[in-house]
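Report on one structure; see the data block that follows.
The values are calculated or read from the model by the stated rules, or taken from the named source; none is laboratory data. From a predicted model like this one, the values you see are computed outputs, not experimental measurements. Glycine gets a Cβ as well: all are built from the backbone with ideal geometry, and neighbour counts include every protein chain shown. We work out accessible area using only protein heavy atoms, side chains counted, and drop any ligands, DNA or RNA first. Shrake-Rupley method; radii C 1.70, N 1.55, O 1.52, S 1.80 Å.
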Amino acid sequence: MGTIPAPNIAEFGLQQNQQYANSFAEYARAAQLRQQTEQEQAMAPLQQQQAQQQIEAQKRQFADQDALTKALAQYDPAKHTLADVPKLITQNGGSGQAALTAQSGLIQQRRNLASLSDEEFTKQQKIADLTAGFHDQVTKAKPAEKQNVYAQGLQQLGRAGADVSNEPLQYPGDDVFAQHLPFVRLHSAIVAEAEKDRELATKEQEEQNKEWKDFPALGVALNTQTGETKSVAGAGAIMPPAMMEAKYVALQQKKNAGQALSKDDAAWSQAYEHMKTLVPVANFNLQNAGAAADAGGNPSQIAQMLAANKMKWGEAVSPRTPQSVKNAIMAQVFKINPDYDTSEFGLEQDAAKKARSGAWADTRLAYNTALDHADQLEKAAKALRNTDSRTLNSMKNFFKTEFGSPDVPTFGAIANAYNHEVTSVVSKGHITDAEVQTGHAVMPDNAGPDQILGVTAAFKNLMTSKRDELDKIIKAGAGGKANAILKTNAGDDANDPFAKFGGKKR
């Protein structure tokens with residue numbers, strides 16, 4: 001009987017080790033693939049949420065652009081003012097931020113035009129007039145003549161200094177060409193308003209110049225309305241009042257002693273005496289311009305209210321108010337608010353109304369209510385975890401009022417109440433499901449105490465950030481009225497909706 005040859009033990013061991021190594025490598029590769037797949041699956045919802053947020057932002061941009069287009073199409077200089085443009089934007093579904101952006105742009109264009117030199121402004125007026133006439137001529141031309149009228153109009157605008165490099169050489173058609181009309185009308189209205197601003201500034205400057213009287217012998221000019229003095233051109237530094245008084249006294253003493261004054265000293269004394277007779281009048285006018293500043297030179301209440309857009313300019317002054325008083329008031333207003341513009345009054349009023357009793361007020365109330373409810377749910381979860389029955393019993397009223405049941409015996413009940421709250425704010429459009437998921441504020445029905453507290457904290461952060469974004473819009477739109485609207489103490493409002501829950505209005 002033959003024997004079975006013994007295997008090569010060393011070689012067999014190496015083969016086994018290689019098989020084990022290969023198996024381990026395969027297992028590691030499979031585990032890595034599985035982990036990568038799980039990570040991709042976990043990231044998919046987040047990527048979808050981010051994509052959804054981008055889509056929502058794009059929708060908002062498209063809606064704002066559509067609202068702007070409709071607003072400009074509706075704008076009629078014969079019926080509207082430039083201050084109506086932001087209102088037309090919001091009426092057509094645009095956001096408050098879009099309205100504010102449009103308003104800022106209109107104000108800046110108006111200011112830029114008003115600050116041009118006379119020559120440059122005349123050029124801009126000519127271009128605006130030619131552009132309006134060009135559009136009118138092309139629109140009314142017969143179809144066969146439109147190309148010729150269009151080409152000649154472009155050449156005329158180019159010679160006047162307008163940039164027509166981006167305009168097609170061929171007439172683009174009636175539909176495309178008609179799209180320029182809203183912008184042509186708006187630009188013409190801006191130029192017209194800027195012209196009024198320039199005329200008003202010129203008149204005010206002329207009035208101010210009339211108030212100044214030069215005293216060349218003294219080297220100063222005196223404002224007969226305010227008592228302000230400045231150096232006459234080329235005279236150098238102004239002599240301080242005390243030094244001028246001392247010089248005058250010395251010259252009078254010299255004159256009383258029988259000494260003759262030089263021609264220059266005599267002219268100086270005469271000029272000083274004349275100026276002194278005007279100073280009391282200047283002081284009297286300054287004191288009676290109390291609408292501008294008090295006796296200490298501090299801005300008056302009227303100036304403060306105007307600067308804060310709490311009062312219309314027409315309510316502070318009348319056509320009979322002396323121009324000097326108007327100038328003094330406006331000077332104080334601009335000291336407080338350098339960006340003051342009378343056209344902002346109406347928009348600020350609208351924003352304040354929306355923030356007090358309109359859509360913004362409803363949304364902000366929803367955020368604050370959700371925050372207060374989250375506080376109460378946190379309190380209940382902590383009490384349940386600590387078996388604090390006294391606190392739980394004290395909260396039955398809250399749960400019965402807000403969620404329809406006074407029983408809070410389990411963490412499951414608190415989770416259900418939380419999910420009810422989230423469903424409520426989502427259904428009302430104050431937040432989205434995607435925002436809840438992105439904010440890690442999703443609560444399973446079987447959540448434990450730590451999970452409840454963590455999710456509730458995330459929900460509060462989400463609500464706070466949403467409310468803060470709204471507050472930024474309110475502050476930008478309501479101006480000086482925003483502080484009164486956004487009071488933070490519960491005691492500030494006798495009808496505080498959170499007082500009954502022991503909470504505080506945020």
For the stretch 138-159, name all the residues that are under 24 Å from I190 (Cα atoms) and either surrounded by 17 or more Cβ atoms within 10 Å (Cβ to Cβ) or modelled with pLDDT under 85 (or both). V138, G153, L154, L157
Residues within the stretch 175-206 that are open to solvent by 50 Å² or more (accessible area, probe 1.4 Å) and either within 19 Å of L157 (Cβ to Cβ) or not in a helix (DSSP H, G or I) (or both), tallied: 8
Within the stretch 173-218, residues being under 30 Å from M239 (Cβ atoms) and among the aromatic types (F, W, Y) number 2
Kindly indicate which of L278, L251, L222 is without any contact (Cβ under 8 Å) to a residue 24 or more places away in the chain, of a type outside the set (G, A, S) and open to solvent by less than 70 Å² (accessible area, probe 1.4 Å). L251
Exactly one of A366, A308, A351 is more than 25 Å from Q103 (Cα to Cα), in contact with a Lys or Arg (Cβ under 9 Å, 6 or more places away or on another chain), crowded, with 17+ Cβ neighbours inside 10 Å and modelled with pLDDT under 80, and that residue is A366
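For the stretch 414-433, what are the residues that are open to solvent by 20 Å² or more (accessible area, probe 1.4 Å) and either among the β-branched types (V, I, T) or touching a residue at least 60 places away in the same chain (Cβ under 8 Å) (or both)?
The first filter runs over the stretch 414-433 and keeps only residues open to solvent by 20 Å² or more (accessible area, probe 1.4 Å), leaving 416, 419-420, 423-424, 426-430, 432-433.
Within the stretch 414-433, T423, V426, K428, H430, T432 meet the criteria.
Kindly indicate the residue of the stretch 95-113 that is in a helix (DSSP H, G or I) and more than 16 Å from A83 (Cβ to Cβ) and also least open to solvent (accessible area, probe 1.4 Å) among those meeting that condition.
Going residue by residue through the stretch 95-113, those that are in a helix (DSSP H, G or I) are 96-113.
With the extra rule that they be more than 16 Å from A83 (Cβ to Cβ), the set shrinks to 97, 112-113.
Values: Q97: 95, N112: 78, L113: 19 Å².
Here the residue is L113.
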Take the residues in the stretch 438-451 that are in a helix (DSSP H, G or I) and modelled with pLDDT under 80, then tell me which one is nearest to Q48 (Cα to Cα). T438
Look at P216 and say whether it is open to solvent by less than 90 Å² (accessible area, probe 1.4 Å) and not basic (K, R). no
Yes or no: A217 closer than 23 Å to S115 by Cβ, small (G, A, S), out of contact with any strand residue (DSSP E or B) (no Cβ under 8 Å at 6 or more places or on another chain) and touching a residue at least 24 places away in the same chain (Cβ under 8 Å)? no
Return the pair list, or none, for Cβ contacts closer than 9 Å from residues in the stretch 446-464 that are within 14 Å of N368 (Cβ to Cβ) to residues that are surrounded by 15 or more Cβ atoms within 10 Å (Cβ to Cβ) and among the acidic types (D, E), at least 6 apart or on different chains. F459/E421; K460/D375; K460/E378; L462/E435
